[in-house]
Amino acid sequence: MARILVACEFSGIVRDAFKARGHDAWSCDLIPSADGSNRHIIGDVRDVMLWGWDMLFVAHPPCTRLCNSGVRWLSVPPPGRTLRMAWVT
């Protein structure tokens, strides 16, 4: 069993996948976990990344920040949304 930190994750999906395989898996993000898990650290991952994690450090921002598919909405928002909403996570 490895101690795994999944950084920049609030959904718990990746954390729970490792936990289901018997690992001591934790997630960390600036916001609370979407599933209310007690295996989630609220805070800056830089403050916890040296806590003796054994195996893996995964950092991934929200998917909306990883692709260009929605870039057209950054100057003209989609119907029912404002520009501010497009720029706020």
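The values are calculated or read from the model by the stated rules, or taken from the named source; none is laboratory data. Note that this is a predicted model, so its numbers are computed, not measured. All Cβ positions, even for glycine, are placed from backbone atoms using ideal geometry, and neighbour counts span all protein chains on display. Areas reflect the complete protein model, heavy atoms only, side chains present, ligands, DNA and RNA absent. Shrake-Rupley method; radii C 1.70, N 1.55, O 1.52, S 1.80 Å.
Starting from residues that are basic (K, R) and touching a Lys or Arg at 6+ places or on another chain (Cβ under 8 Å), keep the ones in segment 14-30 and report whichever is farthest from H60 (Cα to Cα).
Ranking the qualifying residues of segment 14-30, first place goes to K19.
Hey, among the residues in segment 41-59 that are open to solvent by less than 40 Å² (accessible area, probe 1.4 Å) and either of a type in the set (D, E) or closer than 22 Å to V88 by Cβ (or both), which one's modelled with the lowest pLDDT?
Across segment 41-59, the extreme among qualifying residues is V45.
Would you pick out the residues in segment 1-40 that are among the charged types (D, E, K, R), surrounded by 20 or more Cβ atoms within 10 Å (Cβ to Cβ) and part of a helix (DSSP H, G or I)?
R15
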